[in-house]
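Notes to accompany the following structure.
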Amino acid sequence: KHMDMTFTPASGYPVWDPEVRVYDVTDNRTGEKSILYVDLFARPGSKEGGAWMSKIQNPSADGKKPNIIIMNMNLVKPAGKGPVLVSPGQVETLFHEGGHALNGLKGTQTKYFSRMGTGNGSDYVEIHSMMSENWAFHADVMDTYARHYKTGKSLPKTLLADKEKSGAFMASWDMLRLIQNARRDINFHAQNRNDFVSDAEVEKASQLPSKLSDHVRPYPLTRFSHMFSSPDSQYAAGYYAYS
């Protein structure tokens with residue numbers, strides 16, 4: 001159970017790979033029912049990279065068509081008997097996409113299905129994922145999943161405290177990167193395409209007037225494929241605002 005919702009492993013639904021897991025989801029407060037597909041593992045050559053949540057089907061007003069959500073990751077599949085350990089960044093991404101999935105699973109009785117789940121402005125959509133991220137390394141939450149893969153022991157509180165301290169080191173760098181990403185984002189999309197010379201020129205024009213700017217490099221424009229994958233994508237000129 002999570003957020004007053006019940007997730008029940010389900011069978012009988014069509015899947016595109018044997019590793020895909022499916023859950024029947026019930027909102028215990030409203031009785032609303034949904035289906036959640038979870039596709040965690042990478043399949044090079046047949047599956048897009050990255051991590052994302054998508055809506056497969058909107059619910060129908062008469063209840064005959066269920067709300068169907070999918071959550072995707074690209075974790076390395078265990079080979080043989082040995083485990084594959086995930087990095088803190090991957091854990092954070094899992095919680096991030098989990099937040100989006102919960103957003104998509106809630107509110108199926110909304111009047112306008114186009115506004116349901118992630119069909120909203122980025123400042124609203126991302127609050128769910130960011131809140132979920134913040135829980136990923138909370139001591140009480142980690143105690144439910146963070147175990148040593150050999151001994152089964154919980155993560156030492158001293159190690160978690162050290163991680164929190166290291167996260168605060170040079171914390172201003174993250175803000176400088178966000179600002180520089182936004183500056184480059186604005187400059188790129190405000191430029192007439194006939195005047196475009198190179199990505200390097202845009203990056204140079206967007207460089208922060210700071211002695212630290214050489215160490216604060218914006219993401220390359222080709223880092224995320226969904227930046228320009230849709231003509232009406234809000235990511236195209238706004239993704240770097242929360243990078």
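The values are calculated or read from the model by the stated rules, or taken from the named source; none is laboratory data. Nothing here was measured: the structure is a model prediction, and the numbers come from that model. Counting neighbours? That spans all protein chains shown, and the Cβs are built from the backbone with ideal geometry, glycine included. We work out accessible area using only protein heavy atoms, side chains counted, and drop any ligands, DNA or RNA first. Shrake-Rupley method; radii C 1.70, N 1.55, O 1.52, S 1.80 Å.
What does the helix-only formula give at 222 nm for the chain: each DSSP H stretch with n ≥ 4 adding -39500 (n - 2.57), the total divided by the residues, and the result rounded to the nearest 500 deg cm²/dmol?
That comes out to -10500 deg cm²/dmol.
What is the angle, in °, between the Cα long axis of helix 88-105 and the longest principal axis of the Cα atoms in the chain? Nearest 10 is fine, range 0 to 90.
That works out to roughly 60 degrees.
Percent of Cα-Cα pairs more than 23 Å apart in the range 100-189, please.
52 percent
Within the chain, which is the longest segment containing none of the chymotrypsin sites (Phe, Trp or Tyr not before Pro) that sit in a DSSP loop and have at most 13 other Cβ atoms within 10 Å?
The segment 17-111 is the longest one with no such site.
Calculate, for the chain, the solvent-accessible area per residue in square angstrom, rolling a 1.4 angstrom probe over the heavy atoms of the protein chains.
64 Å²
Tilt of helix 122-136 relative to the longest C-alpha principal axis of the chain, in degrees (0 to 90, nearest 10)?
70 degrees
Using a simple charge model, +1 on the beta-carbon of Lys and Arg, -1 on the beta-carbon of Asp and Glu, nothing else, what dipole does the range 121-180 show about its Cα centre, in debye to the nearest 20?
Here the range 121-180 has a charge dipole of around 440 debye.
Using the Cα atoms of the range 31-99 to build a convex hull, what is its mean projected area in square nanometres?
6.5 nm²
Just list whichever of Lys65/Lys111; Lys55/Lys111; Lys77/Lys106; Lys33/Lys65; Lys33/Lys55 have alpha carbons separated by over 21 Å in the model shown.
Result: Lys77/Lys106 exceed 21 Å.
Averaging sequence separations of C-alpha pairs under 8 Å and six or more residues apart, then dividing by the length of the chain, give the relative contact order as a whole percent.
11 percent
How much length is gained on full extension from Phe196 to Ser54, taking 0.36 nm per residue of separation minus their Cα-Cα distance?
47.8 nm
Give me the percent of accessible area attributable to carbon and sulfur for the range 6-146, probe 1.4 angstrom.
Result for the range 6-146: 56 percent of the exposed heavy-atom area is carbon or sulfur.
Could you check the simple spin-label distance between Asp143 and Ser87, using points 7 Å along Cα→Cβ, in nm with one decimal?
Inter-label distance under the simple model: 2.9 nm.
Which listed residue (Thr108, Leu159, Gly49) has the Cα farthest towards the positive end of the charge dipole for the chain, taking +1 on Lys and Arg C-beta and -1 on Asp and Glu C-beta about the Cα centre?
Positive-most Cα among the choices belongs to Leu159.
Let me have the relative contact order for the range 139-210, percent, based on Cα pairs under 8 Å that are six or more residues apart.
23 percent
Pick from Met170, Met130, Met71 the residue whose mean-square fluctuation is largest in a GNM of the chain, springs joining Cα atoms under 10 Å.
Met170
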